[in-house]
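Just below is one structure, and these are the notes that go with it.
The values are calculated or read from the model by the stated rules, or taken from the named source; none is laboratory data. Everything quoted here is computed from the prediction, not taken from an experiment. Counting neighbours? That spans all protein chains shown, and the Cβs are built from the backbone with ideal geometry, glycine included. Quick note on the areas: whole protein, heavy atoms, side chains included, nothing else; ligands and nucleic acids left out. Shrake-Rupley method; radii C 1.70, N 1.55, O 1.52, S 1.80 Å.
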Amino acid sequence: MRSVISILDLSAEEINQLIATAKDIIAHPENYWDKCAHKKLATLFYEPSTRTRLSFEAAMLELGGSVLGFSEASSSSASKGESVADTSKILSCYADIIAMRHPQEGAPYVASRNATIPVINAGDGSHNHPTQTLADMLTISRELGRLENLTIGLCGDLKYGRTVHSLIEAMSRCGNIRFVLIAPKELKIPSFIRYNVLEKYHIPYTEVESLEEAMPQLDVLYMTRIQRERFDDPWEYERLKDTYILDTKKMELAKERMCVLHPLPRVNEISVQVDADPRAAYFRQALNGKYMRMALILKLLEEAKANPIREEIDTTDLEYDRVCTNPKCISRTEQELPQLFRCTDKAADIHRCIYCEQRA
Ligand code: CP
């Protein structure tokens with residue numbers, strides 16, 4: 001039995017198979033109407049969501065299954081102090097698969113180590129959002145007909161933007177990908193992506209502050225929201241929130257064949273006039289999310305049926321004698337969790353928290 005906590009829990013080959021399944025679901029939905037009959041999905045959302053939670057629920061319903069869960073922590077026993085570990089053990093008694101969103105980084109990982117059913121990370125803090133990446137990849141494949149030979153611009157909040165982190169991890173495994181990272185200096189990508197992915201695998205990337213400058217090179221423009229909820233300092237958010245606004249004038253600088261993606265929700269970073277541009281793919285992207293979540297639920301339930309035993313973690317290179325300094329790490333709020341670090345670069349003596357990947 002397997003969970004998906006990071007997009008790297010799926011191989012490139014498995015992602016291609018999920019994309020193929022999603023395309024088959026789109027072409028022949030009737031073949032999937034009862035694939036999950038009598039199965040239950042638990043959506044445990046400790047943080048607000050429209051697309052992810054409801055597309056997960058729509059996905060399970062369209063597969064003939066049922067859904068249960070909560071959409072805010074305050075309506076669950078988390079408000080009484082119940083831990084993520086205990087909640088996942090309890091939900092394993094009631095459901096067949098869990099989708100979890102949590103503001104603390106690493107919370108779905110903790111759930112996966114305690115549940116006896118598969119857990120899917122539906123977004124953890126500023127860390128990862130692997131099923132958004134699956135939606136993004138199906139969208140790029142459907143819009144442009146390929147996942148290779150692309151220049152991908154990522155614009156906005158690259159520091160706290162979990163969708164950006166997962167997308168870079170996934171697309172770095174595709175052939176001949178180049179990234180243009182468009183962000184103010186305060187919102188550049190974090191070190192676990194810069195060093196663990198881009199530098200480690202020699203992925204070409206440039207960093208710029210001007211969206212106009214980047215526009216003509218791009219095959220994909222991935223816009224993101226500056227996220228008020230991730231800032232400790234509200235004035236910093238006010239100062240940065242309008243840094244990038246994609247409008248029809250900027251779209252004139254773009255290639256004729258390209259696509260604009262956005263995980264949504266948007267605030268004002270894409271003007272509504274851009275919606276009418278055929279290159280604006282973000283609403284189609286939200287629909288693709290449902291198909292990819294259907295494909296993923298099917299895959300994980302099939303695997304759990306074939307092998308119901310939870311995979312053990314690799315304890316090689318684990319260390320216990322450090323404390324995570326990331327206040328958004330689940331190990332900081334759930335005190336009973338052991339502090340665990342993994343050596344990710346022996347030569348440079350770099351150790352990262354196994355929950356949130358922050359460097360010790
Ligand atoms: N893209 C995304 O995660 O949207 P929600 O926050 O509405 O789920």
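Tell me which residues, restricted to the stretch 89-135, are among the hydroxyl-bearing types (Ser, Thr, Tyr) and farther than 24 Å from Ala306 by Cβ.
Hits for the stretch 89-135 are Ser126, Thr133.
State yes or no: is Glu72 open to solvent by 80 Å² or more (accessible area, probe 1.4 Å), in the same structural domain as Ser92 (by TED's automatic domain parsing), closer than 28 Å to Arg173 by Cβ and among the acidic types (Asp, Glu)?
no
Is there any pair with a first residue in the stretch 281-310 that is closer than 22 Å to Ala95 by Cβ and a second that is of a type in the set (Ser, Thr, Tyr) and within 12 Å of the ligand (Cβ to nearest atom) whose Cβ atoms are under 6 Å apart and which are 6 or more apart or on different chains, and what are they?
Gly289/Ser55; Lys290/Ser55; Arg293/Ser55; Arg293/Thr131
So Glu302 fits all but one of (1) open to solvent by 80 Å² or more (accessible area, probe 1.4 Å); (2) at negative phi; (3) not assigned by TED's automatic domain parsing to the domain that holds Thr116; what number is the exception?
Result: Glu302 passes all but (3).
For the structure I just gave you, tell me whether Val272 is within 30 Å of Asp232 (Cα to Cα), exposed (fewer than 13 other Cβ atoms within 10 Å of the Cβ), away from the ligand (no atom under 14 Å from the Cβ) and modelled with pLDDT of 95 or more.
yes
Where in the stretch 81-169 are there helices (runs of 4 or more DSSP H), lying wholly inside it, with at least 1 residues that are within 15 Å of the ligand (Cβ to nearest atom)?
107-114, 130-144
The rows are residues; the columns are (1) within 16 Å of the ligand (Cβ to nearest atom); (2) of a type in the set (A, V, I, L, M, F, W, C); (3) within 30 Å of Trp33 (Cβ to Cβ); (4) more than 24 Å from the chain's Cα centre (by Cα).
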{"position": "Lys255", "(1), (2), (3), (4)": "no, no, no, yes"}
{"position": "Pro308", "(1), (2), (3), (4)": "no, no, yes, yes"}
{"position": "Glu319", "(1), (2), (3), (4)": "no, no, no, yes"}
{"position": "Pro327", "(1), (2), (3), (4)": "no, no, no, no"}
{"position": "Pro338", "(1), (2), (3), (4)": "no, no, no, yes"}
{"position": "Arg359", "(1), (2), (3), (4)": "no, no, no, no"}
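Yes or no: the stretch 284-298 includes at least one residue that is over 25 Å from Ala42 (Cα atoms) and part of a helix (DSSP H, G or I).
Yes - at least one qualifying residue is present in the stretch 284-298.
Considering the stretch 25-55 alone, what residues qualify as being more than 11 Å from the ligand (Cβ to nearest atom) and either at pLDDT below 95 or open to solvent by less than 60 Å² (accessible area, probe 1.4 Å) (or both)?
Selection gives Ile25, Ile26, Pro29, Tyr32, Cys36, Ala37, Leu41, Ala42, Leu44, Tyr46.
Kindly provide the set of residues from the stretch 170-182 that are more than 13 Å from the chain's Cα centre (by Cα) and either closer than 12 Å to Leu198 by Cα or part of a strand (DSSP E or B) (or both), ordered by number.
Ser172, Arg173, Ile177, Arg178, Phe179, Val180, Leu181, Ile182
In the set Arg279, Arg332, which member is in contact with a strand residue (DSSP E or B) (Cβ under 7 Å, 6 or more places away or on another chain) and basic (Lys, Arg)?
The conditions single out Arg279.
So, of the residues in the stretch 275-293 that are surrounded by 15 or more Cβ atoms within 10 Å (Cβ to Cβ) and closer than 15 Å to Thr224 by Cα, which turns out to be farthest from the ligand (Cβ to nearest atom)?
The extreme case among them is Ala280.
Filter the stretch 194-215 down to residues that are of a type in the set (Val, Ile, Thr) and in a helix (DSSP H, G or I), then give me how many there are.
Here the count works out to 1.
Checking Ala58 against (1) in contact with a helix residue (DSSP H, G or I) (Cβ under 6 Å, 6 or more places away or on another chain); (2) hydrophobic (A, V, I, L, M, F, W, C); (3) more than 13 Å from the ligand (Cβ to nearest atom): exactly one of these is not met. Which one?
Going through (1) in contact with a helix residue (DSSP H, G or I) (Cβ under 6 Å, 6 or more places away or on another chain); (2) hydrophobic (A, V, I, L, M, F, W, C); (3) more than 13 Å from the ligand (Cβ to nearest atom) one by one, Ala58 breaks only (3).
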